[in-house]
Amino acid sequence: MQNEKFSIFLTIAKQLNQKEITPLLMGSVGLEIVTGKNWDTQDLDIHVPGDKRGWEIPPEQAIYDWDDIMKAMLSLGYSFVDLHEHEFEKDGLAVGFGIMDTLPDFAGISLEELELHQQGDATYYLLTSEQYLKVYEASFKDSYRANKNNQKDKKKIAYLRDLI
């Protein structure tokens, strides 16, 4: 499956790798790669190492190596949009950064269980179908996300349960 947003992620991952950062592809783009199904992705969600307390600390302290990530994204032509969301934008595509270290507490996924992938010059982590199910089930419990996503997570959960 040809996926333009995945190609963009690989470009970003390669740039982050040069800063010794190995990103985790999250969200619907990652789910598309794992399942081969089109989820009508709207943005790109990338998780990187950070403080496991996540939203509980000031956003400028939450993500490790934030200055390096900022420089990498700006060098790729992205505009910085929002510190709280750690979000950038280019050509109508929003790219948000989250914290992979929150996965154990949030979804019960150990960082040691993450699968490392290599494609071309890019090294990155990608969740398995089972791990995506854990993430979407945990996300669905969040009333803000459940209301915001108009039941998209519910469809993904049902699909993943059938797949697994």
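Scanning region 36-58 for residues that are within 16 Å of the chain's Cα centre (by Cα) and in a helix (DSSP H, G or I) returns Gly54, Trp55. Only residues that are farther than 12 Å from Phe97 by Cβ and either without any contact (Cβ under 8 Å) to a residue 60 or more places away in the chain or aliphatic (A, V, I, L, M) (or both) were counted across region 55-79, and they come to 12. I need the full set of residues from region 31-57 which are of a type in the set (A, V, I, L, M, F, W, C) and either under 22 Å from Leu133 (Cβ atoms) or touching a Cys at 6+ places or on another chain (Cβ under 6 Å) (or both), in order please. Answer for region 31-57, where residues must be of a type in the set (A, V, I, L, M, F, W, C) and either under 22 Å from Leu133 (Cβ atoms) or touching a Cys at 6+ places or on another chain (Cβ under 6 Å) (or both): Leu31, Ile33, Val34, Trp39, Leu44, Ile46. The set of residues in region 101-115 that are in contact (Cβ under 8 Å) with a residue 24 or more places away in the chain and either touching a Gly at 6+ places or on another chain (Cβ under 7 Å) or outside any helix (DSSP H, G or I) (or both) comprises Asp101, Thr102, Gly108, Ile109, Leu114.
Just so you know, in region 116-134 the residues that are among the hydroxyl-bearing types (Ser, Thr, Tyr) and assigned to a strand (DSSP E or B) include one that is least open to solvent (accessible area, probe 1.4 Å), and it is Tyr124. The number of residues in region 40-58 that are surrounded by fewer than 18 Cβ atoms within 10 Å (Cβ to Cβ) and in contact with a Phe, Trp or Tyr (Cβ under 9 Å, 6 or more places away or on another chain) comes to 3.
The set of residues in region 95-143 being in contact with a Leu (Cβ under 9 Å, 6 or more places away or on another chain), polar (S, T, N, Q) and farther than 14 Å from Gly27 by Cα consists of Ser110, Gln119, Thr123. Summed over region 59-73, the residues that are part of a helix (DSSP H, G or I), open to solvent by 80 Å² or more (accessible area, probe 1.4 Å) and within 16 Å of Ile21 (Cα to Cα) give a count of 2.
Does at least one position in region 80-90 carry a residue that is open to solvent by 60 Å² or more (accessible area, probe 1.4 Å), in contact with a Leu (Cβ under 8 Å, 6 or more places away or on another chain) and in contact (Cβ under 8 Å) with a residue 12 or more places away in the chain? Taking every residue of region 80-90 in turn, at least one turns out to be open to solvent by 60 Å² or more (accessible area, probe 1.4 Å), in contact with a Leu (Cβ under 8 Å, 6 or more places away or on another chain) and in contact (Cβ under 8 Å) with a residue 12 or more places away in the chain.
With respect to being touching a residue at least 60 places away in the same chain (Cβ under 8 Å), on the phi < 0 side of the Ramachandran plot, surrounded by 15 or more Cβ atoms within 10 Å (Cβ to Cβ) and not in a helix (DSSP H, G or I), Leu25 fits the description.
Only one of the listed residues (Lys14, Lys37) is open to solvent by 50 Å² or more (accessible area, probe 1.4 Å) and either in contact with a Ser or Thr (Cβ under 8 Å, 6 or more places away or on another chain) or at pLDDT 95 or above (or both). That residue is Lys14. Counting the residues of region 84-98 that are modelled with pLDDT of 95 or more, out of contact with any Phe, Trp or Tyr (no Cβ under 8 Å at 6 or more places or on another chain), under 19 Å from Trp55 (Cβ atoms) and not in a strand (DSSP E or B) gives 0.
The values are calculated or read from the model by the stated rules, or taken from the named source; none is laboratory data. It should be emphasised that the depicted structure is a prediction, and the values quoted were computed from it without experimental measurement. No Cβ is skipped: glycine too gets one built from the backbone with ideal geometry, and neighbour counts run over all protein chains shown. Just so you know, the surface numbers come from the protein's heavy atoms only, side chains and all, with ligands and any DNA or RNA stripped out. Shrake-Rupley method; radii C 1.70, N 1.55, O 1.52, S 1.80 Å.
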